[in-house]
Amino acid sequence: MKWYSAMIATGLALMPASAFSAFPDYYPPDYQAIVDAATAEGKVVLYAPLSTTTLRPLIEGFQAEYPGITVELNDLNTVVIYNRFISEAAGGAQSADVLWSSALDLQAKLVTDGHSLDYASPESAHLPDWAVWQGKGAYGTTFEPMIFAYNKDALKPEQVPQTHADIARLITENLDTFSGRIASYNIETAGLGFFAITQDSKIFPEFWTLARALGAASSRFYSSTGEMIESIASGENVFGYNQPSHASSYGRDNPSLGIVFPQDYLVIASRMAFVTAKAQNPNAGKLFLDYMLSQRGQQIIDGMGFHSLRDDVTGPMTREDLTKTYGDRLKPPVMGPGLLEFLDQDKRLEFLNTWKSSLSAGQ
Amino acid sequence: MVMNPSRAVVILVTAGAVCLPLGILFYQSVLSGPFFHADSHFTLDAFGFVLRDPEFWVALRNSLLVATGMLVVALPLGALLALLVARTDIPGRGVLEPLILVPILVSPVVLALGYVVAAGPVGFYTVWSKQLFGVAPWNIYSPVAIAVIGGLSHVPYVFLYVSTALKGVGSDVEEAARTTGAGPLRVALDVNLPLVAPALMFSAVLVFFAGVEMFGLALVLGNSNNFSMLAVYLYKLTTRLGVPAYHLMATVAVLIVLLTFPLVMLQRHYLKVADKFVTVRGKAARQRPLTLGAWRYPALMLALAWLAVTVIVPISGITLRAFVTYWGPNVNLFDVLTLDQFRFVFSEPVLVRGIRNSVLIGVVGGGLAVACYAAIAFAAHRRNDEWTHLMDYLILVPRAIPGLLAGLAFLWVFLFISPLAPLRATLFSIWLAYTVVWLPYGARLVSSSLVQVGKELEEAAVSIGATRRRAMFDVTLPLIRVGLLTSWLLVFLMFEREYSTGVYLLTSGTEVIGALLVTLSETGSMNQVAALAVINLVLIGIGVITAFRFGVRLHG
């Protein structure tokens, strides 16, 4: 029976190759071998904090290109992805082939603990340097600026902060308007919030003034992105600091929600992806990773609202557009050991304590 | 006496199902790192860290306060509603009964979101109240509101246990009191209340545990305003140190379990006298509703007021939200009405799969779970040995562990207990976790029916030559079949909306609606969350109506 199934597998593998004629010319000549092996594996298991609804275009795009391979998405939050993956790895159980998560510190921890497969994607050369973790097979896949959001009915145009420095100033000038009505991430529960705040603390010299002002305004800190954005759109809160970039897509549907790209600098968040070291379907994993990083995949990711990091993708607010405006005031995260900085327990607790005492000092 | 082998099996399996995950947590709490890492060693540092952490004490204090508040709200109200609906001629009994169950159908996160939309600072009712009266004198984010909402939403549980207990009370005892000139209130206080004391005691412990373990409400209503509770503290521990600190999380769980000991002891003390409350005797006693007289409409008003605050406000909030794209004080809702969110949800294949899985785990899994709960209840029935004491504790303790951590413990059980490993990726693992986590609710539903069956009925069967087993199947089981069917319906509801326990065990293809709701609200848009929540409510409502059509009654 073996020759029989091998023939079917080969047949399936040849179909997409003939349909799309060839891979980009910079792909290695033996790439078809990965495709064949992946088709024999038949599926790729993906852990990501994204719903099937959000990911559907990417999955459909991938399956159109490789019809023999199904994508099994496990939609889990970032902490669950980490807990579940290390437990499964320790128990020697079946786990994810590709981990794709916005929790850069946890992803970096997994990579440095040896859980990533050192796979050099042929797309590497077409990515910005910061998005490639050389020798570890881990890649940044998206380009998601942290932005401000506000309620257009509640704030006058001159009350809307345009820079990080504006926030503290406008809070002081309009304390009644802002008091109890500023929303941001709870940095103790939301990894993205913690990441963005620590970046701000390094980039923005008056960060601790900002923290005290947020405290003075009795700001409210959320764990859930949906609730946070909703609270600004409804007018329960009037201003949101450090909002994720896909808040802007809600702004299109909701005339009350205003979006500001801070003018002084943009902290960029990204989602790190890698094939796992002990993946059961390593070839399908590589194929999926390459697809995510490819021009076609990035075009789809851009359409999903996560912004492409490639130069050859067109769309609203691509990295190229933002680079024209911001130049070196874009602050993307370098995929590398630097992401581990705040995993040091003492350092992390110290930061959290300073943050909290600044908040209460402002009150 | 040699223990009956089937009883021994039941006790052993129950002990295993409860103690394995619990044992892993205890073991994890005295280590320096993840138990599966070779360099973890024995230490009590985790206890030192937690006990020295001022935030733990704040969270503990808040949890105890909220739990007490919930108790004060839920217990009298639930007992009173049970009495009114089960034993009096309050108008509209038949309609009230299923309505009282509605809060059980709604997961706490959805309930909280509903309150935000309806009664938050810019909620629909708040805005209307300000327009009409100039004020809206409530704040859903205050600790008092959290305790009151938590208490109100736990009224159905108290209602269930108490009304099941009341079901057995023959009218003879009440009438005896009425003939001596006692009014309805006096009958309730002096006759019914003592008869349902064990059910009340158990409800009290459960509500208190639910308060200690409360997560969804605490996170949505409390956390954004800096009001921490134990489960939220636990949640923060996963990210506060960067990498999830299992030893600290396990330590908090162990401390919560230790906290529950005195409560279970207290409960045990009250149940010692359980035989006093036998109400299904060998002699037939017909039930006639108590006449309320002039109290009929005030009683109805009370029931309706509770329904308005607990059911109508949050559910109308989430329903309204499902039909609009956005909202706020300056938005004319008629301008933004839409069905798009429903169209979108129905175009989702994942949702269809989610519905199928939810129904499967609720209906089939719920039925199997009730069978297990019945076996457990029988194993402890009419015996007062140390094994029964052990079972009493085993049954209660799972509810004290916050759901997310219980889920993680079950993942470990299925990963590291090798005979169970092949079952991890199947629905069985999820079913087992759900069954254990809801054990206190389910086992009690069954045993509260059981405790009312007079032992002379079984003894009668035994005296004419039946074995104990035969007596159980032919006498006791038929007598409690309404109780079993009701338990099935309720376990179906609890399984249907459960999420956190399954999060570590769910895989692609085994999505359930509860999970989709929570993940969507974490990352996505509230439009879809609201629409999905409404669809889920409708589906569960259909399930409940069907069950009632097929003759399920909360009381005969």
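A few points about this structure:
- Selection status of A:Gly305, closer than 21 Å to A:Leu73 by Cα and either under 17 Å from the mean Cα position of the chain (by Cα) or not in a loop (DSSP other than H, G, I, E, B) (or both): yes
- One residue stands out in segment B:385-430 among those that are within 14 Å of chain A (Cβ to nearest Cβ) and without any contact (Cβ under 8 Å) to a residue 24 or more places away in the chain: the one that is farthest from B:Pro34 (Cα to Cα), namely B:Thr426.
- Residue in segment B:235-253 that is within 14 Å of chain A (Cβ to nearest Cβ) and among the charged types (D, E, K, R) present: yes
- A:Tyr291 away from chain B (no Cβ under 14 Å), more than 23 Å from A:Ile203 (Cα to Cα) and among the aromatic types (Phe, Trp, Tyr): yes
- When each of B:Val72, B:Val58 is tested for being closer than 28 Å to B:Val207 by Cβ, assigned to a helix (DSSP H, G or I) and within 14 Å of chain A (Cβ to nearest Cβ), the lone residue that passes is B:Val58.
- Only one of the numbered conditions (1) in contact with a Leu (Cβ under 7 Å, 6 or more places away or on another chain); (2) open to solvent by less than 20 Å² (accessible area, probe 1.4 Å) is not met by A:Ser308, and that is (1).
- Contact map, segment B:196-222: residues that are at negative phi paired with residues that are acidic (Asp, Glu) and open to solvent by 10 Å² or more (accessible area, probe 1.4 Å), Cβ distance under 9 Å, separation 6+ or inter-chain. Pairs shown: B:Val220/A:Glu227.
- Checking each residue in segment A:315-343 for being exposed (fewer than 14 other Cβ atoms within 10 Å of the Cβ) and either outside the structural domain of A:Ser102 (by TED's automatic domain parsing) or part of a helix (DSSP H, G or I) (or both) picks out A:Asp321, A:Lys324, A:Thr325, A:Gly327, A:Asp328, A:Pro337, A:Gly338.
- Complete set of residues in segment A:80-98 that are outside any loop (DSSP other than H, G, I, E, B) and open to solvent by less than 20 Å² (accessible area, probe 1.4 Å): A:Val80, A:Ile81, A:Tyr82, A:Asn83, A:Arg84, A:Phe85, A:Ile86, A:Ser87, A:Glu88, A:Val98
- For A:Gln363, the conditions (1) of a type outside the set (Gly, Ala, Ser); (2) open to solvent by less than 40 Å² (accessible area, probe 1.4 Å); (3) within 13 Å of another protein chain (Cβ to nearest Cβ) all hold with the exception of (2).
- The residues on offer are B:Ile149, B:Ile140, B:Ile100, and the sole one that is open to solvent by less than 20 Å² (accessible area, probe 1.4 Å) and part of a loop (DSSP other than H, G, I, E, B) is B:Ile140.
- Segment B:492-542: number of residues that are among the aliphatic types (A, V, I, L, M) and closer than 21 Å to B:Phe414 by Cβ: 5
- Sole exception among (1) aliphatic (A, V, I, L, M); (2) within 14 Å of another protein chain (Cβ to nearest Cβ); (3) not in a helix (DSSP H, G or I) for B:Leu113, by number: (3)
- Enumeration of residues in segment B:198-234 that are within 10 Å of chain A (Cβ to nearest Cβ), modelled with pLDDT under 85 and not in a helix (DSSP H, G or I): B:Asn226
- The set of residues in segment A:149-167 being more than 26 Å from the chain's Cα centre (by Cα) and within 11 Å of another protein chain (Cβ to nearest Cβ) consists of A:Lys152, A:Asp153, A:Ala154.
- Candidate set: segment B:152-192, residues that are in contact with a helix residue (DSSP H, G or I) (Cβ under 9 Å, 6 or more places away or on another chain) and in a loop (DSSP other than H, G, I, E, B); chosen: the one surrounded by the fewest Cβ atoms within 10 Å (Cβ to Cβ): B:Gly183
- Elements of type helices (runs of 4 or more DSSP H) contained in segment B:432-519, each with 2 or more residues being in contact with a His (Cβ under 9 Å, 6 or more places away or on another chain) and in contact (Cβ under 8 Å) with a residue 12 or more places away in the chain: B:439-450, B:481-497
- Here segment A:311-331 is the region considered, the condition is being under 23 Å from A:Leu55 (Cα atoms) and in contact with a Phe, Trp or Tyr (Cβ under 9 Å, 6 or more places away or on another chain), and the residue that is modelled with the lowest pLDDT is A:Met317.
- Unique match (being in contact with a strand residue (DSSP E or B) (Cβ under 7 Å, 6 or more places away or on another chain) and more than 28 Å from B:Leu258 (Cβ to Cβ)) among B:Ser449, B:Ser463, B:Ser508, B:Ser418: B:Ser508
- Condition check for A:Leu170: without any contact (Cβ under 8 Å) to a residue 60 or more places away in the chain, more than 13 Å from every other protein chain (Cβ to nearest Cβ), open to solvent by less than 10 Å² (accessible area, probe 1.4 Å) and over 17 Å from the mean Cα position of the chain (by Cα): yes
- The one condition in (1) more than 30 Å from B:Leu234 (Cβ to Cβ); (2) crowded, with 24+ Cβ neighbours inside 10 Å that A:Asp153 fails to fulfil: (2)
- Test result for A:Ile301, touching a residue at least 24 places away in the same chain (Cβ under 8 Å) and out of contact with any Phe, Trp or Tyr (no Cβ under 7 Å at 6 or more places or on another chain): yes
The values are calculated or read from the model by the stated rules, or taken from the named source; none is laboratory data. All values derive from a computational prediction rather than experimental measurement. With ideal geometry, Cβ positions are generated from the backbone for all residues, glycine too; neighbour counts draw on all protein chains shown. Ligands, DNA and RNA are stripped out before the accessible areas are found, and what is left, the full protein with its side chains, is counted by its heavy atoms. Shrake-Rupley method; radii C 1.70, N 1.55, O 1.52, S 1.80 Å.
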